[in-house]
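J.: There's a structure below that I have some questions on.
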Amino acid sequence: MPKVLIVAEHADGKANPSTAKCVACASAIPDAEIHVVVLSDDSENVANELATLAGVARVIRVDNSQNSNTIAAVQAPQVVAVTDGYSHVFGPSTTFGKDLMPRVAALLGVNQVSDIMEVLGSHSFKRPVYAGNAVVTVETPSDSIVVATVRVASYRSAPNDGDATIDAVTIDAELPVHTRFLELQAGSADRPDLQTAATVVSGGRALGSTESFDLIYKLADALGAGVGASRAAVDAGYVPNEMQVGQTGKIIAPDLYIAIGISGAIQHLTGIKDAGTIVAINKDGEAPIFEVADIGLVGDLFTIVPELQDAVS
Amino acid sequence: MDKILVGLKRVVDYNVRVRVRSDGSGVETDGVKMSINPFDEIALEEALRIKERGDASEVIVVSIGGNDSQQQLRTGLAMGADRAILVDSGETRDPLTYARVFLALIERENPGLVILGKQAIDDDNSQTGQMLAALWDRPQATFASKLEVNGDKATVTREVDVGLEIVEIDLPAVVTVDLRMNEPRYVKLPDIMKAKKKPLDTIDIAELNIEQAPAIKEVNFEPPSDREKGVLVDDVAGLVAALKDKGLL
Ligand SMILES: Cc1cc2nc3c(=O)[nH]c(=O)nc-3n(C[C@H](O)[C@H](O)[C@H](O)COP(=O)(O)OP(=O)(O)OC[C@H]3O[C@@H](n4cnc5c(N)ncnc54)[C@H](O)[C@@H]3O)c2cc1C
Ligand SMILES: Nc1ncnc2c1ncn2[C@@H]1O[C@H](COP(=O)(O)O)[C@@H](O)[C@H]1O
């Protein structure tokens, strides 16, 4: 029987929604028994929260003061230490999981399946390559452990009606001290999180300045939406890096995505292809964004956006 | 610091509209423009700047692949790398084996830093740097947008989901770079001529005595599912009506 271990992502005593999505992915493996491991300096709250995830049989707590910051080189050996008896180890395809899981895979002597978007069987998965221009079906060797990251935008969170057992384990591996956390410069949290928001409004290079990007924030606030951006807008310094949507930014799947002054380069589109409805506002009717938009409006954003904001306020 | 090792992977150029072969065996690469993986160009630029600041003595570019990767290595030499190593890998194309190749080269060259891209834009794996750091038992600073070397340490700014994380690492270490680290320089014609005289060594992967990693089989390629063509509306009123229609307002 497949036994899946999921490495939980969490911060400030709360689980990141990515973990519930990994559980949903693991649940698609027939007959899988699912466990979650939490590495923390104090995992109690997170463990209690994760024990309610439907489909999870057991939550494993690994408390260690060296886990106060998430450092892959410190966490990887601890994950490896608890993988005995598991057929699969999954983590989310967020910067947390992308940093940690390949390190785990290498210590276990296997390649990783990056960005699972569909489970076909215990050793068969679909994943995107070439910025989502192709989808490849991969088969992992049946005689070795499967290490994978889960493309979280492909899954809906597992519900919270479960009741898993919680165990604490101690690991006495010597952990490295060659990597030291100094500082986190986190963006403001006063808008809905880009990765979980039902509606996301994004702005591109056309905004032209930090000041003009206010138009996007105002519209987003009127809609209760999260705010994203194209790489060009981030590179130009209009907005911080954590707002970038796309191949090298965040892959998101909101119900409604509104792209404003964004041309629709393939690297951007790969980040939004799972959105429910895509709206494009662009003055160039030939812009590639209109090839994927469900609703398009050709025109100048500087007149359209304030009008739209009024209409939805 | 003595040397910096930089990985240059030959990939389909990022401007190419990639198409899946009709038999599902892969993507069309015949007659398609090939380039250095964009992240690797940034990795090389950063290595060159570190050397130009006097913090490193030599920049070595490495490509693992077929003979045609010489082209990308020559471009790397023209950008300013001192020498190049091509590891002829035959059919092998998995990150763990690549990481083992890099480790074997590290044992030969003893670099103070290995700078790689955060991901190769063909397979989009984002694994090689992290795997190498694990096998080497050294620090990894992934998705870096800023790198400051100070003696036997480095301070690295990483682009993470919530913002920017700053870490300090002991050297030697592996750094993987994100797009905003720098703007790679353009190659000038005289540099291309000079690069022809720089050393480019080829090593057969068999010489490195590397254990072959259990490979993940690629069974079938297919194009992504298409979104249906949408509608154009004339004005804001039309947009609002269309959104209401879909129950989104
Ligand atoms: C390896 C790699 C990875 C990348 N990763 C990403 C990624 O993750 N995310 C990402 O977004 N990009 C990414 N890119 C960059 C991508 O290729 C594009 O360059 C970028 O998405 C362009 O941003 P943009 O659409 O804002 O700008 P542009 O392409 O310049 O488009 C601006 C658009 O605004 C329209 N416009 C101008 N003025 C107005 C106006 N007044 N009213 C209405 N419309 C107007 C124009 O018609 C145009 O279509 C990546 C590139 C590479 C090479
Ligand atoms: N075949 C290769 N040759 C040279 N460098 C490579 C190769 N494969 C991976 N790399 C390096 O590792 C980085 C990450 O690749 P990947 O893990 O495949 O996404 C790339 O950006 C390169 O710097």
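The values are calculated or read from the model by the stated rules, or taken from the named source; none is laboratory data. The structure displayed is predicted, hence computed values, not measured ones. Here the Cβ positions follow ideal geometry from the backbone for every residue, glycine too, while neighbour counts run over all protein chains shown. The accessibility values were calculated without ligands, DNA or RNA, using every heavy atom of the protein model including side chains. Shrake-Rupley method; radii C 1.70, N 1.55, O 1.52, S 1.80 Å.
J.: Which of these, A:ASP221, A:ASP143, A:ASP41, has the largest mean-square fluctuation under a Gaussian network model of chain A (Cα springs below 10 Å)?
T.: Looking only at A:ASP221, A:ASP143, A:ASP41, the largest GNM fluctuation is found for A:ASP143.
J.: Pairs B:LYS118/B:LYS146; A:LYS126/B:LYS246; B:LYS33/B:LYS229: which are spaced more than 25 Å apart, C-alpha to C-alpha?
T.: Pairs exceeding the cut-off: A:LYS126/B:LYS246; B:LYS33/B:LYS229.
J.: Hey, another quick one. Give the average, rounded to an integer, of partner chain Cβ atoms located within 10 angstrom of each Cβ in A:33-43.
T.: If you average over the peptide's residues, the count of other-chain Cβ atoms is 0.
J.: Just the accessible area per residue of the protein assembly as shown, please: how many Å² with a 1.4 Å probe?
T.: With the other protein chains kept in place, the protein assembly as shown gives 40 Å² per residue.
J.: Additional query: How crowded by other chains is A:241-254, given as the mean number of beta carbons from other chains within 10 Å of each beta carbon?
T.: 3
J.: Between B:ASP2 and B:ASN209, what is 0.36 nm times their sequence separation minus the Cα-Cα distance? Round to one decimal in nm.
T.: Difference between extended and current length: 72.0 nm.
J.: With every protein chain in place, what's the accessible area of B:LEU239 (1.4 Å probe, Å², nearest 10)?
T.: 0 Å²
J.: Could you please report the charge total around B:ASP226, scoring K, R as +1 and D, E as -1 over all other residues with beta-carbon less than 15 angstrom from its beta-carbon?
T.: With Lys, Arg at +1 and Asp, Glu at -1, the net is 0.
J.: Sticking with this one: Figure the gain on full extension for B:ASP68 and B:GLU228 (residue separation times 0.36 nm, minus the Cα-Cα span) and round it to one decimal in nm.
T.: 53.7 nm
J.: Determine the shape class of segment A:199-312: with a ≥ b ≥ c the square roots of the Cα gyration tensor eigenvalues, call it rounded for a/c under 1.5, and otherwise prolate if a/b is greater than b/c, oblate otherwise.
T.: Values: a/c = 1.23, a/b = 1.09, b/c = 1.13.
Judged from the Cα gyration tensor, segment A:199-312 comes out rounded (a/c under 1.5).
J.: Same structure, new question: Set Lys and Arg Cβ to +1 and Asp and Glu Cβ to -1, take the dipole of the protein assembly as shown about its Cα centre, and tell me which of A:SER65, A:LEU39, B:ILE106 lies farthest positive.
T.: B:ILE106
J.: Another question, if that's okay. Between A:SER124 and A:ALA168, take the C-beta separation as r, use R0 = 35 Å, and let me know the FRET efficiency to the nearest 0.05.
T.: For R0 = 35 Å, the calculated efficiency reads 0.50.
J.: A follow-up question, please. Highest first, please rank the peptides B:197-209, B:25-37, B:56-68, B:76-88 by the mean number of other Cβ atoms sitting within 10 Å of their residues.
T.: Result, highest mean Cβ count within 10 Å first: B:76-88, B:56-68, B:25-37, B:197-209.
J.: On to the next question. In segment A:257-313, what GluC sites (Glu not before Pro) fall in a loop by DSSP, with at most 15 other Cβ atoms inside 10 Å?
T.: Passing sites in segment A:257-313 are A:GLU286.
J.: Restricting to the protein assembly as shown, what percent of DSSP beta bridges are antiparallel, rounded to 5?
T.: So the antiparallel bridges amount to about 35 percent of the total.
J.: Report, in debye and to the nearest 20, how large the dipole of segment A:199-312 comes out about its Cα centre when Lys and Arg carry +1 and Asp and Glu carry -1 on their Cβ.
T.: With only Lys, Arg, Asp and Glu charged at Cβ, the dipole is about 260 debye.
J.: Normalising by the residue count of segment B:3-245, find the relative contact order in percent from Cα pairs under 8 Å and 6+ residues apart.
T.: Relative contact order comes out at 24 percent.
J.: Using only atoms on other chains, find how many Cβ atoms lie within 10 Å of each Cβ of peptide B:95-104 and report the average.
T.: 2
J.: Could you give the size of the charge dipole of chain A about its Cα centre, using +1 on the Cβ of each K and R and -1 on the Cβ of each D and E, expressed in debye and rounded to the nearest 20?
T.: On the way: 19 positive and 37 negative charges, 121 e Å.
Computed about the Cα centre, the dipole is about 580 debye.
J.: Under 16 Å from a point 7 Å along the Cα-to-Cβ line of A:ALA198: which residues of segment A:214-242 have their amide N that close?
T.: Answer for segment A:214-242: A:220-227.
J.: Under a point-charge model restricted to the Cβ atoms of Lys and Arg (+1) and Asp and Glu (-1), what is the dipole moment magnitude of chain B relative to its Cα centre, in debye to the nearest 20?
T.: In total the dipole reaches around 660 debye.
J.: What is the gain in length, in nm to one decimal, between A:ARG180 and A:ASP31 on full extension, counting 0.36 nm per residue of separation less the C-alpha to C-alpha distance?
T.: Full extension of this stretch gives 49.6 nm more.
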